[in-house]
Amino acid sequence: MEIAAATEGSAPVAKTGALIVGAGPTGLTLACELARRGAPFRIVAAAGGPSTTAKAGQLHSRTLEVLEDMGALEGAEELGVRVYGMTVYAEGRRVLHSGHDDLDAPYPYELACGQDRIERLLLDLLSRLGSRVEWHSRLETIAPDGGGALATLAGAHGASRRIRARWVIGCDGARSTVRELTGGRLERAACPEEWLVGEVRLDWQQPPDEQYAFLSEEGGFAALTCQPLPQERWRLTASLPPAHRTPGHREPDPSLAGLRELFERTGATAGRLSDLSGVTIHRVARRTVERRVAGPLILAGDAAHLTSPLGGVGMNNGIQDAHNLGWKLALALEGVAGPELIDSYAAERQAIVRRPLSTSNRSHVLRSLRRPLAGELRGRLPGFLAHFDHITDRSYRDQAQISSGYRDSPIVGEEAGAPLPRAGPSDHGSQLAAWTSFARGPRAGDRAPDSPEIREGDGGPRRLFEVLAGSEHALLMFLGCEQPHAQTLATATAIARRVGDGYGSRVTAHLVVPAGRPVAGYDWPGPVILDPTEALHNRYGARGECLVLIRPDGYIGFRAQPPSFQALSRHLSGIFAPMAIVSS
Ligand SMILES: Cc1cc2nc3c(=O)[nH]c(=O)nc-3n(C[C@H](O)[C@H](O)[C@H](O)COP(=O)(O)OP(=O)(O)OC[C@H]3O[C@@H](n4cnc5c(N)ncnc54)[C@H](O)[C@@H]3O)c2cc1C
């Protein structure tokens, strides 16, 4: 991406730190993340207001966690329908069921509530945070301006104004003007797909807590998915890949009669369709921009990556892009992080969206079939289900801790000692147990898992995510369950104090105390998390004393066993510029 040469203009110039172009789910999430950190920004949108149609339908489990962290989830549960899994029918016979019930997460389901409602939730949050969207503001040009960019915007009546910003973030959707103006290109797609999307009222026997897919090869391959929406409505998505058209095989008819025919052709169980709305035909391919960050320009959401509507990942990707970028951009705007931190946004999120659709679950899918499939359907089923690998691919979910992580990121790391000390008296059994536990725990770059039943002081049981919601970097100083209390406590408090002295409120250290230890009276002024069932220690592979640094976006940035201040500060020096350090 490059910015074209500056042109003269007479419109007045305003100044800001970050100019967010676009107020869909991506731009609104980013705005909330900057607003809650007090970072200087403006958010503009060509539209006159938020979406009024459902568009993307479902919030995935990880996105629900993100919204909880942001404080935007309150009220969302009432707006939506919980979807616990997916059942697949082939030629009218039930062949596969895959559910979220084994998901190790606080939200073991998807929430179907429609993009319009999600945008309103985010707008409400933004307003509570004291900011607002400047609607009717269309970006027209961008020019280089010192270290930043100068944007020209057209208002509702054509009035032009200019905004100078250190960063311009294009959250302006699939037809991104920021991307176009700066010559950013989407990588060429191998095979575009065509999807018919519409909403109907559907009276049938299927419970509305699952989504259903109906596949058929009679008269050519056809796929129809039915996803529940609130108020007894359903989202229908039908596919007809162009590569598979035969002369007698026409496009899906976007009328109610056409959908009824498709419903019957795919062998969908008896149902009555009525009240059709919002029918669109999407011709999309999974495409990604070559570069997300170029100087002061950043792309996020649909502007950076296009995907098919089938698996419902477009909006979820956009919200997670913005959650990854928000804390980094806030630090950069404050001047306490360099551009390398912004570059890590590009590296981390590109790796996620470039991850090939999973075909590794092909044999698993075919093995899980309740009935054997023959012919073309057998060949096509794994590819179709790859769009839903957040539901169907267990190995992907297990390995990735319900969401893709950032293990290969340039800004995550870990240090582990030897399984046994070289010399000196020690209990080798407990040392080995501690080392093994750490080796099996979630790794740097993984999503930091939740854990129930922890306590703070005299308070009742809480989840870790509740304790950490909205926090910046959180350092968990695990005392471990295997070593003497006095020794591990002394090490943990010494490191926690040095972190507090060095990084102030940018990194909050928590002592994590296992069962059988005092619940109060610690010579440590910071937060203490009691772990009476040791579930938190076990979940983090912390049978032995260790430290785990959780980033503001809920991923493990660094971990070390045994805990070491030197190792931690080496890591933090790659995140924060020297001026972020309070004192040495
Ligand atoms: C009919 C329909 C159905 C869909 N169904 C699904 C689905 O089932 N599942 C799924 O995952 N996804 C679906 N999508 C895609 C999903 O809506 C997107 O992935 C999601 O909206 C991306 O969010 P975003 O914030 O990145 O971009 P958008 O939501 O597209 O927001 C773009 C924003 O940029 C603004 N903008 C655009 N140009 C300019 C400019 N020049 N200057 C200033 N502002 C500008 C717009 O006003 C808007 O505020 C559907 C989309 C449509 C249209």
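The values are calculated or read from the model by the stated rules, or taken from the named source; none is laboratory data. Quick caveat: nothing in here was measured; it's all calculated off a predicted structure. In this analysis, Cβ positions are derived from the backbone assuming ideal geometry, glycine residues included, and neighbour counts consider all displayed protein chains. Ligands, DNA and RNA are excluded from the accessible area calculation, which covers all protein heavy atoms including side chains. Shrake-Rupley method; radii C 1.70, N 1.55, O 1.52, S 1.80 Å.
Quick one: Cα centre-to-centre distance for the stretch 440-471 and the stretch 161-226, in angstrom? Their Cα centres are 34 Å away from one another.
Once the Cα atoms are used to define both axes, helix 256-265 deviates from the longest principal axis of the chain by about 80 degrees. Translational diffusion coefficient of the stretch 137-218 (Stokes-Einstein, Kirkwood radius from Cα pairs, 25 °C, 0.890 mPa s): 140 µm²/s.
To the nearest 20 debye, what is the magnitude of the charge dipole of the chain about its Cα centre, counting +1 on the Cβ of each Lys and Arg and -1 on the Cβ of each Asp and Glu?
Roughly 940 debye for the chain.
What a 1.4 Å probe finds exposed on the stretch 44-173 is 48% carbon and sulfur by accessible area, rounded to a whole percent. Among beta bridges from DSSP that stay inside the chain, the antiparallel ones total about 65%. A rounded overall shape is assigned to the stretch 413-580, the ratio a/c of its alpha-carbon gyration tensor axes (a ≥ b ≥ c) being less than 1.5.
Put a plus charge on the Cβ of each Lys and Arg, a minus charge on the Cβ of each Asp and Glu, and nothing anywhere else: the dipole of the stretch 413-580 about its Cα centre is then about 320 debye. Computed per residue of the chain from DSSP H runs no shorter than four, each worth -39500 (n - 2.57), the mean residue ellipticity at 222 nm is -8500 deg cm²/dmol.
Translational diffusion coefficient of the stretch 437-478 (Stokes-Einstein, Kirkwood radius from Cα pairs, 37 °C, 0.692 mPa s): 275 µm²/s. Taking other residues whose beta carbon is less than 10 angstrom from the beta carbon of residue 296, and scoring Lys, Arg as +1 and Asp, Glu as -1, yields 0.
In this structure the amide hydrogen of residue 444, modeled in the peptide plane, comes within under 5 Å of no amide hydrogen from residues 5 or more places off or on another chain. Note on the stretch 72-224: semi-axes of the ellipsoid equivalent to its C-alpha gyration tensor, largest first and rounded to whole Å, are 41, 23, 15.
The orientation-averaged shadow of the Cα convex hull for the stretch 1-121, equal to a quarter of the hull surface, comes to 12.4 nm². Charge dipole (Cα centre; +1 on Lys/Arg Cβ, -1 on Asp/Glu Cβ; no other charges) of the stretch 260-304 amounts to roughly 180 debye. Working from Cα positions, state the angle (0 to 90°, nearest 10) between the long axis of helix 375-385 and the longest principal axis of the chain. Taking the Cα atoms of the chain, the angle to 375-385 is about 50 degrees. Among 224-234, 13-23, sorting by the average number of other beta carbon atoms lying within 10 angstrom of each residue, highest first, gives 13-23, 224-234. Only Cα sites of the chain enter the Debye sum here, all with the same form factor; the resulting log10 I(q)/I(0) across q = 0.11 1/Å is -1.07, listed in q order. Note on the stretch 490-564: Cα-only Rg and Dmax are 12.2, 32 Å. Counting only the Cα atoms, the stretch 458-516 fills a convex hull of 101 Å³ per residue. Protein heavy-atom accessible surface, 1.4 Å probe, per residue over the stretch 105-237: 41 Å².
Tell me the Kirkwood hydrodynamic radius of the stretch 256-340 in angstroms, computed as one over the mean inverse distance between distinct C-alpha pairs. Here the Kirkwood hydrodynamic radius works out to 16.5 Å. How far, in degrees from 0 to 90, does helix 25-36 lean away from the longest principal axis of the Cα atoms of the chain, to the nearest 10? Rounded to the nearest ten degrees, it is 30. Note on the stretch 413-580: dipole from Cβ charges, positive end direction compared against 416, 441, 499; the farthest Cα belongs to 416.
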